[in-house]
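Have a look at the structure below before the remarks.
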Amino acid sequence: MNQEFDYRKKSVVGLIIIFALLFCCSGFSYYQHRKAIETEKRQIILINKIKNTRVLDPNRPMVALTFDDGPSPYTMPILLELEKHNSLATFFVVGSNVSSYPKELKKMQEMGCEIGNHSTSHPKLTTLKPEGVKAEIEGTNDAVSTIIGEKPTLFRPPYGEINAQVAQLSEAPVIMWSIDPEDWKAKNSAQISEHILNCVQDGDIVLLHDLYETTAQAVVDVIPKLIEKGYQLVTVSELAKFQGVTMTNGIQYGHFKNQQ
Ligand code: ZN
């Protein structure tokens with residue numbers, strides 16, 4: 001009887017130990033599993049922070065703000081305003097300005113903004129010989145890649161002056177515009193902002209210049225108002241992509257409206 005009792009007692013103790021061990025093991029593996037999920041989550045957040053990964057809704061309207069002639073002291077305030085609203089834009093930089101604004105170039109790249117080539121010294125490229133055009137384009141490509149390790153992906157000719165030779169030598173899609181608030185002439189932030197808000201349609205490309213304080217002020221007003229109207233502020237390449245357009249080097253694009 002006693003022996004049987006001892007045996008039962010031992011069995012119960014044994015079972016308790018096995019269950020305890022199983023409980024500990026499963027608890028530990030659950031802990032490991034949770035830890036792995038947390039680490040993964042942290043990595044995703046980190047990647048999003050660096051790459052500024054955004055979720056874009058193809059069913060909502062999009063507009064591309066573009067800034068020419070910079071960088072300048074007003075470029076960083078514009079970038080910070082875009083960042084504040086999780087928005088992007090495209091900057092057509094002038095090569096001769098680039099080396100003075102490495103922080104701005106790096107910030108553009110870090111945010112995921114697009115950088116375009118707007119020549120090295122802003123001449124009328126149509127008046128130059130092929131070697132001159134090439135030098136103007138390569139000068140900016142080199143200046144940009146020295147700072148961020150990548151060449152500009154798009155091209156916009158100074159004054160919008162283009163011919164077949166310049167288009168061919170640009171070796172990039174040629175980006176024009178569909179909304180021009182003439183910010184360089186107006187120098188009035190309310191007027192610039194009002195012009196954009198009155199004209200804007202899905203697929204528009206807006207021409208601005210990050211050279212003027214009034215343009216930087218207009219941006220502070222117009223970005224939240226565009227978002228309020230339902231617009232997503234994207235780069236030119238994002239706009240093309242969401243309209244199903246594959247851009248070709250040397251071809252001109254003024255907007256990406258009603259492509260389908
Ligand atoms: Zn220009």
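The numbers here are math on the coordinates, done by the rules we state, and not lab data. Since this is a predicted model, take the numbers as computed values, not measurements. Please note: Cβ atoms are built from the backbone with ideal geometry, for glycine as well, and neighbour counts cover all protein chains shown.
Residue pairs exceeding 21 angstrom between C-alpha atoms, taken from Lys134/Lys241; Lys185/Lys241; Lys134/Lys257; Lys84/Lys106: Lys134/Lys241; Lys185/Lys241; Lys134/Lys257. Annotation: for a label point projected 7 angstrom from Cα along Cα→Cβ of Gln109, residues of the range 133-148 with backbone N closer than 17 Å are 139-148. For the range 181-228, the residue among Tyr212, Ile227, His195 whose Cα projects farthest onto the positive side of the dipole built from Cβ charges is Tyr212. Separation of the range 53-90 and the range 102-166, taken as the distance between their Cα centroids, equals 19 angstrom. Listed by chain and number, the aspartates and glutamates placed with their C-alpha closer than 18 angstrom to that of Lys187 are Asp68, Asp69, Asp210, Glu213, Asp221; residues fewer than eight positions away on the same chain are left out. The simple Förster model, with R0 at 45 Å and r as the Cβ-Cβ distance, assigns Val55 and Asn163 a FRET efficiency of 0.65. Taking amide H as placed 1.01 Å from N in the peptide plane, Asp68 has its amide H under 5 Å from the amide H of Phe92, Leu208, His209, Asp210, each at least 5 places away in sequence or on another chain.
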